[in-house]
Amino acid sequence: MSLQLDADGALEFPCRYPVKAMTHAGEAAIEQVLAEMIEAGVTPDRESAKIRPSRNGRFQSITVEIHARSRGELETVYARLRQLDVVVMTL
């Protein structure tokens, strides 16, 4: 996937965007992340979802593509994900 950038290097909207979150390990984390994305008003592409465990298995990286319509929409998604107890950080 390649992001569409304008001449200044800024994202062009609408675009597909990979939202990434580091979470505590566990099967429930992906469902919480997907549900929060839906609550934020975007439709996550479940087929694109990737989960990668950390080296020690305590954490996992979750990446899910969304169709972002604006920078504000992206900021809302990330803000809502950061409020989840299972999320350690967003990238």
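The values are calculated or read from the model by the stated rules, or taken from the named source; none is laboratory data. In this text the structure is predicted, and so the values were computed from the model without any measurement. Neighbour counts run over all protein chains shown; Cβ positions are idealised from the backbone, glycine included.
Condition test on Thr90, is it touching a strand residue (DSSP E or B) at 6+ places or on another chain (Cβ under 8 Å) and over 16 Å from Lys20 (Cβ atoms)? No: the conditions fail for Thr90. Can you say whether Glu65 is surrounded by fewer than 16 Cβ atoms within 10 Å (Cβ to Cβ) and out of contact with any Leu (no Cβ under 6 Å at 6 or more places or on another chain), as far as the supplied structure shows? Spelling it out, it is not the case that Glu65 is surrounded by fewer than 16 Cβ atoms within 10 Å (Cβ to Cβ) and out of contact with any Leu (no Cβ under 6 Å at 6 or more places or on another chain). Listed by position, the strands (runs of 3 or more DSSP E) enclosed by the chain that each have at least 3 residues that are touching a Pro at 6+ places or on another chain (Cβ under 9 Å) are 59-68.
Listed conditions (1) surrounded by 14 or more Cβ atoms within 10 Å (Cβ to Cβ); (2) at positive phi are all met by Gly57, apart from (1). Under the condition of being polar (S, T, N, Q), out of contact with any Lys or Arg (no Cβ under 9 Å at 6 or more places or on another chain) and under 17 Å from Cys15 (Cα atoms), the residues counted in the range 44-80 number 2. Cβ-Cβ contacts under 7 Å between residues 6 or more apart (or on different chains), taken from a first residue in the range 52-65 that is more than 16 Å from Ala28 (Cα to Cα) to a second residue that is of a type in the set (Ser, Thr, Tyr) and surrounded by fewer than 17 Cβ atoms within 10 Å (Cβ to Cβ), are listed as Glu65/Ser48.
Of all residues being in contact with a strand residue (DSSP E or B) (Cβ under 7 Å, 6 or more places away or on another chain) and surrounded by fewer than 12 Cβ atoms within 10 Å (Cβ to Cβ) in the range 5-24, which is modelled with the lowest pLDDT? Just the residue, please. Walk me through how you get there before you give the answer.
Of all residues in the range 5-24, those in contact with a strand residue (DSSP E or B) (Cβ under 7 Å, 6 or more places away or on another chain) come to 5, 11-24.
Going one step further and asking which of them are surrounded by fewer than 12 Cβ atoms within 10 Å (Cβ to Cβ), we end up with 5, 12.
Numbers: Leu5: 52, Glu12: 92.
This residue is Leu5.
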